1. Which numbered condition in (1) surrounded by 14 or more Cβ atoms within 10 Å (Cβ to Cβ); (2) modelled with pLDDT under 95 is the only one that Met1 fails?
2. Could you list, in sequence order, the residues of segment 22-33 that are modelled with pLDDT of 95 or more and touching a Lys or Arg at 6+ places or on another chain (Cβ under 7 Å)?
3. Mind checking which residues of segment 60-85 are surrounded by fewer than 11 Cβ atoms within 10 Å (Cβ to Cβ) and either outside any loop (DSSP other than H, G, I, E, B) or of a type in the set (A, V, I, L, M, F, W, C) (or both)?
4. Checking the conditions here, which among Gly19, Gly45 is modelled with pLDDT of 95 or more, of a type in the set (Gly, Ala, Ser) and surrounded by fewer than 15 Cβ atoms within 10 Å (Cβ to Cβ)?
5. Of everything in segment 35-62, what is out of contact with any helix residue (DSSP H, G or I) (no Cβ under 8 Å at 6 or more places or on another chain) and β-branched (Val, Ile, Thr)? Give them in sequence order.
Amino acid sequence: MNVYPKRSGSRSRRTTGRGEIERTEAELRDKWLYLVLAWLYEQRGAVPDPLQTVEEVYADFGYPEEIAGLIRYMPMDGPDLGSREANERRLFERWRQYLDSAAAKHLP
């Protein structure tokens, strides 16, 4: 069961009476996606198959395009590196790159 909302731009940002910015559902979903993946990356040594868990997060969040490049069963952007281990190392590097990029967007 997918418990996370699909992306929707149905609500735009607006200021509340106290000057606070109300976030859209998509913005909140993106931030939660980042937080889950950042926590999982930090805990990857304690998880039996962290890339499988990323695949589960990918499904739970409604298959967000921004992390499709972290998924083993999706087509690769680059050439096959010759071994499963090398290809998975590339996925971990892409995961780290996603986190760096998302941190700049979501953290103060």
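The values are calculated or read from the model by the stated rules, or taken from the named source; none is laboratory data. Bear in mind that the values here come from a model prediction, so they are computed numbers and not experimental data. Here the Cβ positions follow ideal geometry from the backbone for every residue, glycine too, while neighbour counts run over all protein chains shown.
1. That leaves (1) as the condition not met.
2. Result: Arg29, single match.
3. The initial filter retains those residues of segment 60-85 that are surrounded by fewer than 11 Cβ atoms within 10 Å (Cβ to Cβ), namely 65, 73, 75, 77-80, 82-85.
Within segment 60-85, Glu65, Arg84, Glu85 qualify.
4. On the way: Gly19 fails: modelled with pLDDT of 95 or more.
It is Gly45.
5. Of everything in segment 35-62, nothing turns out to be out of contact with any helix residue (DSSP H, G or I) (no Cβ under 8 Å at 6 or more places or on another chain) and β-branched (Val, Ile, Thr).
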